[in-house]
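**Student:** One structure coming up, written as structure tokens, with questions to follow.
Every number here is computed from the coordinates shown, using simple stated rules; none is lab data. Since the structure is predicted, the reported quantities are computational estimates derived from the model, not experimental observations. Backbone-built Cβ (ideal geometry, glycine too); neighbour counts: all protein chains shown.
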Amino acid sequence: MVVTDDDRTAFLAKSMCNQGRGESGVWLSHERLGYNYRMDELSAALGAVQMSRIDEIIAKRQRVADMYVERLSGIPGVRLPQVDPDVTRMSWFVYVIRVGAHEQSHDRQSAVRDHVMQRFQAANIGCRPYFTPIHLQPYYRDAFGFKEGDFPVTELAGRTSIAIPFHNHITSDEVEYVAETLERALDETRRSKFSAERGI
């Protein structure tokens, strides 16, 4: 859903979601690259209702983010998302932490993140690597010739990021379970057995 008070932006959004059709409305005339993103009436109705609750939804998500900050901020080796001071309100689409970023080698950085994810999965804690750098996606590799090493800071973030459970109704007990599992996993990565098993 796009919300704007700019007529030009509104027109471009409508055109692009309607296969690039122009103001003429001619069905087979495409004035720009577009997509088939036309919203059906049911989705629009659900979106309108959700928009009426947006303050409540964002407040609940902020509460969950605050619980994570309070519980995870003291764990060595964990980097939490940083919100720019100029941001007045965050919607918290996802909550992404970074682990292993302090390690020196790429292999070790990835191994720490992968080990934490394995421990989360074994504990039935949903998680995903987040984000894969855009320039390493197949389309960008093929179209523009990007390769590993072109954007090292982005690649470091990609090797060390994990999206952890995040929704409006997470409880403090669930945050504690995530934190305890994370602490145990990171403690394991600091032991010599972890390094020896992976040849790192």
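**Student:** Sorted from fewest to most neighbouring beta carbons within 10 Å, what does the list Ile164, Ile54 look like?
**Tutor:** Fewest-to-most ranking of Ile164, Ile54: Ile54, Ile164.
**Student:** A follow-up question, please. Suppose a student asked you for the relative contact order of the stretch 54-198, using Cα pairs under 8 Å spaced at least 6 residues apart; what percent would you report?
**Tutor:** Once normalised by length, the contact order is 31 percent.
**Student:** Between the stretch 1-25 and the stretch 65-143, how many Å separate their Cα centres?
**Tutor:** 35
**Student:** For labels at Ser24 and Lys147 in the simple 7 Å Cα→Cβ model, what's the distance in nm?
**Tutor:** Using points 7 Å along Cα→Cβ, the separation is 4.6 nm.
**Student:** Kirkwood hydrodynamic radius, computed over distinct alpha-carbon pairs, for the stretch 92-154: how many Å, to one decimal?
**Tutor:** Hydrodynamic radius (Kirkwood, Cα pairs) of the stretch 92-154 is 13.5 Å.
**Student:** To continue, here is another question. Along the three principal axes, how long is the stretch 39-92 when you take its alpha carbons, biggest first, rounded to the nearest angstrom?
**Tutor:** Dimensions of the stretch 39-92 along the principal axes of its Cα atoms: 49, 22, 19 Å.
**Student:** Grab the eigenvalues of the alpha-carbon gyration tensor for the chain, scale each by 5, take roots, and send me the semi-axes largest first in whole angstrom.
**Tutor:** 39, 25, 14
**Student:** What 222 nm value per residue comes from the helices of the chain, counting each DSSP H run with n ≥ 4 as -39,500 (n - 2.57) and dividing by all residues, nearest 500 deg cm²/dmol?
**Tutor:** Using -39500 (n - 2.57) per qualifying helix, the result is -15500 deg cm²/dmol.
**Student:** Here's another thing I want to ask about it. Taking the convex hull of the alpha carbon atoms in the stretch 1-87, what volume per residue do you get, in Å³?
**Tutor:** 173
**Student:** Of all chymotrypsin sites (Phe, Trp or Tyr not before Pro) in the stretch 25-92, which ones are in loop regions per DSSP and have a Cβ with at most 16 other Cβ atoms within 10 Å?
**Tutor:** Listed in order of number, the matching sites are Trp27, Tyr35, Tyr37.
**Student:** Can you pull the semi-axes for the stretch 7-51, root of five times each eigenvalue of the Cα gyration tensor, sorted largest first, whole Å?
**Tutor:** Working from the Cα gyration tensor, I get semi-axes of 23, 12, 8 Å.
**Student:** For the chain, set up a GNM with springs between Cα atoms under 10 Å and report which of Gln19, Gln137, Gln121 has the largest fluctuation.
**Tutor:** Its mean-square fluctuation being the largest, the pick is Gln19.
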